[in-house]
Structures are given as C-alpha cells and as structure tokens.
Amino acid sequence: MGFVWARLIVLLAGWCAALATALAASALLATPRLSVFLVSGGLWTAAMLLD
C-alpha cells in the first residue's frame, strides 16, 4: 500500500510542477495557462503510467 501512496504523491508533485510551468510560461511568454497546464500534466501522467 505504501508503494501506491508514493506513486500518488509523485503524481501530485508532477501536476504541481505542471502548474508552476504553466504560470511561468504565461508570465514569460504570454502563453495560455490552461493548455500548458494540461499538456504538462498529461505528459507527466503518461510518463508515470509508462514507468
């Protein structure tokens, strides 16, 4: 059960990093936040599922 919790924590940390990426991209490059957030989070989730 600890392994499952550890993976969920890492997945949550990845989505937090995706949010930070979206906010930074929005501030620096004037890109839309939601699309960057969803793409970054989706890539993180895909990487976790393939691991």
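The values are calculated or read from the model by the stated rules, or taken from the named source; none is laboratory data. Bear in mind the structure is a predicted one, so any value in this text is a computation, not a measurement. With ideal geometry, Cβ positions are generated from the backbone for all residues, glycine too; neighbour counts draw on all protein chains shown. Heavy atoms of the whole protein, side chains included, go into the accessibility calculation; ligands, DNA and RNA do not. Shrake-Rupley method; radii C 1.70, N 1.55, O 1.52, S 1.80 Å.
Here are some notes:
- Residue that is nearest to the chain's Cα centre (by Cα) [pool: residues in segment 33-44 that are open to solvent by 40 Å² or more (accessible area, probe 1.4 Å) and under 15 Å from residue 16 (Cβ atoms)]: 44
- Condition met for residue 30 (modelled with pLDDT under 95 and surrounded by fewer than 13 Cβ atoms within 10 Å (Cβ to Cβ)): yes
- Of all residue pairs spaced 6 or more apart or on separate chains, those with beta-carbon atoms under 6 Å, a first member in segment 1-14 that is at pLDDT 90 or above and a second member that is assigned to a helix (DSSP H, G or I) are 11/48; 14/44.
- Among the residues of segment 1-23, the ones that are part of a helix (DSSP H, G or I) and farther than 16 Å from residue 48 by Cα come to 6 in all.
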